[in-house]
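Read-outs: derived from the displayed coordinates by stated rules, not from any lab. Worth saying up front: this structure is predicted, and the values here are computed from it rather than measured. All Cβ positions, even for glycine, are placed from backbone atoms using ideal geometry, and neighbour counts span all protein chains on display.
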Amino acid sequence: MALRSLMTRKATLGLGLRGLQTFSLPDLPYDYGALEPAISGEIMQLHHHKHHQAYITNYNKALEQLEGALAKGDTTSIVKLQSAIKFNGGGHINHSIFWKNLTPVREGGGEPPHSSLGWAIDTNFGSLEALVQKINSEGAALQGSGWVWFGLDKESKKLVVETTANQDPLVTKGQHLVPLLGIDVWEHAYYLQYKNVRPDYLKNIWKVINWKYASEVYDKESK
Amino acid sequence: MGSFCYHTFPASSHRLVSDFSQGFKSPKLPYLSNQQERWFSRYQGASKVFAYYGLRAPPYKLDALEPYMSRRTLEKHWGGHHRNYVEGLNKQLEKNEVLYGCTMDELVKLTYNNGNPLPEFNNAAQVWNHDFFWDSMQPGGGDMPKLGVLQQIEKDFGSFTNFREKFVEAALTLFGSGWVWLVLKREERRLAVIKTSNAVCPLVWDDIPIISLDMWEHAYYLDYKNDKGKYVNVFMNHLVSWNVATGRMARAEAFVNLGEPKIPIA
């Protein structure tokens, strides 16, 4: 993977002074079917291979167009490209976090958090159940497409539950917010399996949530 | 009447209209039956009144749009999503007497609240949007519009091909959930292709919708997965009802003057 990105960087260094870096689809740290029955292999394959890839492809395209517009000083185009960059770049950021937020049961998926994150959750929300309840109700109530986040406010050191619309990253809700867990509630994330019953998807996804990753991020960012 | 009302008698309107057309599924009235309620208000002097809306069925059987839109999709989309919006709206209206007595069109505009939507807006608008969407399609649809509609499209877009391109492009460049519309803009007196997010519909800007396409993922995911392009093209080629569009244009011309009438010279 590292070799691949090194090669793309070398290949593009020839073009322009900026040496535009292109982005590529990160590999999943588990098989497509490894999260069954919480999330079906069919969904994982489509979600990773088609949707996430599409965001990356369009992100690269938008960046390329941006480079051209910057070189020409074409302010109109520079501003017009912002929404495409926010949407597709956001999609890339959010999904890259999402894959790390999930892990198969046999590798610790669903195991509740301990030590510092566990205590922080109890302090901020009362209990893990209360936190899960809050995340699920906010996720179910979200209209349209978006994400529900469990994050840390680096400034106030508080844990928060937030939602963002479309592919807006968590940081759009607060510049000091760091995502610990994100759950994709776009319909493509669950429709083939759960149809329109989003609450069932939210109930089941906790069986494969990677609390170990969330704890690591929390420990790192709360110093 | 300022608002554009597509139905001749609004079937999805509040219950004092006693003619509930075929395919109407009665909502579960939680407290009293219709008869009991009428008795109650007559003898108690008009106390608590509720506005209830019903789920109107599409004007075709659920498998009539196969193979372009599967029965499974119709069952989930109409029977699940659309039904949930109706039931959600009824629950909200129970608690909010101020919204009593509106037609669906009026309710949508009222709850939009000039850009600061009330909580009821999402359900109200989505009920309206889906009613409109089912009507915008027909078995054996697609092909091209004729006569007045075609003339107006050619006038405002140059050609039908150009309009189709714009429509497809709008559908494919929509970020997130939303709808694509062919509308008649009231002020500008011309047709336009617009896209809206989530539940927003052109009624809120007082424009007159002619055709709509649901681009929420639930509309196409079961049939086409993430292949939006195929879904949109299938809609344009096989589902869109230009007959309905013609009817809507004809009504629209009662409210919007689209040009000088051709008065024959003696």
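Per-structure values
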item: Unit charges on C-beta of K, R, D, E only; dipole of the stretch B:116-266, Debye; result: 320
item: Around A:Ala165: net Lys/Arg minus Asp/Glu count, Cβ-Cβ under 15 Å; result: -4
item: Residue order, fewest to most beta carbons within 10 Å, for A:Ile85, B:Ile153; result: A:Ile85, B:Ile153
item: Calculated [θ] (222 nm, deg cm²/dmol) that DSSP helices of n ≥ 4 give over chain A, each run adding -39,500 (n - 2.57); result: -15000 deg cm²/dmol
item: Burial ordering of B:Arg164, B:Arg186, A:Arg106, B:Arg71, fewest other beta-carbon atoms within 10 Å first; result: A:Arg106, B:Arg71, B:Arg186, B:Arg164
item: Charge-dipole axis of chain A as Lys and Arg at +1 and Asp and Glu at -1 on Cβ define it, positive-most pick from A:Ile97, A:Ile121, A:Trp149; result: A:Ile97
item: Under 20 Å from A:Lys158, Cα to Cα: lysines that are on another chain or at least 8 residues apart; result: A:Lys134, A:Lys173, A:Lys212, A:Lys220, A:Lys223
item: Set of lysines with alpha-carbon distance to B:Lys228 below 26 Å, sequence-local pairs under 8 removed; result: A:Lys50, A:Lys61, A:Lys80, A:Lys86, A:Lys195, B:Lys61, B:Lys76, B:Lys166, B:Lys195
item: Cβ neighbours within 10 Å from other chains - mean over B:217-227; result: 4
